[in-house]
Amino acid sequence: MPEQLTGDDFNHLFRYFISTAFRLEVQPAYQVAEEQQSIEEFLAGEPRPVTDFAFYAAWLDQIRSVTSEGRRVERVRILDEPPTEYQRWEIWSGQFNSAAGEVIRYMPRSKAESVGLPTKDDWWLFDSQRLAVMRFSDRGEPLGGEIITDSAVVHRHNEWWSLALRNSSVGSDFN
């Protein structure tokens, strides 16, 4: 039976993975209170660097730390067509993640569905052997998740990781 995913479990996995951390990000929007001011400023046409926000700056510090040690952090973002307002902010703010060493790739939702990628739940795959599945409400509110080490389930997510990389591109044509 999978372990329930808590913040501490997730932070431990992320901080101590050995070589790779990959996220498939599929939600059209996330309800994260710490991001709201940055999103509002972006949508008003007056964005500040996300590094001005403590929550985001701490995340980027963590990314910078692990990538400077030679570990790889990458994600594929599945985008609606056209992208939601939140996704437009993500595309813009992704430049700061990239500067910290994270590789971000993009794929239209229709392509993700046509190649067989799951588009319901987000997940992180750590070192190709530990999976953190994250669940969200229809509005993008975090509902928790679970840590899975079952080899068959992890193997399937490794296949999806490869599929996502083959069918996505760095940068977005949606800007």
Check: Yes or no: LEU163 surrounded by 15 or more Cβ atoms within 10 Å (Cβ to Cβ), assigned to a loop (DSSP other than H, G, I, E, B) and of a type in the set (A, V, I, L, M)?
Finding: no
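In the range 34-51, how many residues are in contact with a helix residue (DSSP H, G or I) (Cβ under 8 Å, 6 or more places away or on another chain) and in a helix (DSSP H, G or I)?
The first filter runs over the range 34-51 and keeps only residues in contact with a helix residue (DSSP H, G or I) (Cβ under 8 Å, 6 or more places away or on another chain), leaving 34-35, 38-39, 42-43, 47-51.
The next check asks that each one be in a helix (DSSP H, G or I); those that pass are 34-35, 38-39, 42-43, 50-51.
So the count comes out to 8.
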Next item on the list: From the list TYR86, TYR106, pick out the single residue that is assigned to a helix (DSSP H, G or I) and in contact (Cβ under 8 Å) with a residue 12 or more places away in the chain.
Entry: TYR86
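Would you point out which residue out of LEU24, LEU13 is within 17 Å of the chain's Cα centre (by Cα), modelled with pLDDT under 95 and under 23 Å from SER162 (Cβ atoms)? Give the steps one after another, and end with the answer.
Numbers: LEU24 fails: modelled with pLDDT under 95.
Just one listed residue meets the conditions, LEU13.
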Check: Looking only at the range 127-160, which residues are modelled with pLDDT of 95 or more, out of contact with any Gly (no Cβ under 9 Å at 6 or more places or on another chain) and outside any loop (DSSP other than H, G, I, E, B)?
Finding: SER151, ALA152, VAL153, VAL154, HIS155, ARG156, HIS157, ASN158, GLU159
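Which of the following residues is more than 18 Å from PHE14 (Cβ to Cβ) and either aliphatic (A, V, I, L, M) or free of Cβ contacts under 8 Å to residues at least 24 places away in the same chain (or both): GLU81, GLU113?
Going through GLU81, GLU113 in turn, just one is more than 18 Å from PHE14 (Cβ to Cβ) and either aliphatic (A, V, I, L, M) or free of Cβ contacts under 8 Å to residues at least 24 places away in the same chain (or both): GLU113.
Okay, residues lined up against (1) of a type in the set (A, V, I, L, M, F, W, C); (2) over 18 Å from PHE126 (Cα atoms):
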residue	(1), (2)
ARG72	no, no
VAL76	yes, no
LEU79	yes, yes
THR84	no, yes
ARG88	no, yes
PHE96	yes, yes
ALA100	yes, yes
TYR106	no, yes
LYS111	no, yes
Next item on the list: List every residue pair whose Cβ atoms sit under 7 Å apart, with the two residues 6 or more apart in sequence or on different chains, where the first one lies in the range 154-167 and is closer than 16 Å to GLU113 by Cβ and the second, anywhere, is assigned to a helix (DSSP H, G or I) and of a type in the set (Val, Ile, Thr).
Entry: LEU163/VAL115; ASN167/VAL115
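The values are calculated or read from the model by the stated rules, or taken from the named source; none is laboratory data. Keep in mind the model is a prediction, meaning the values are calculated, not measured. For neighbour counting, all protein chains shown are included, and Cβ atoms are generated from backbone atoms with ideal geometry for every residue, glycine included.
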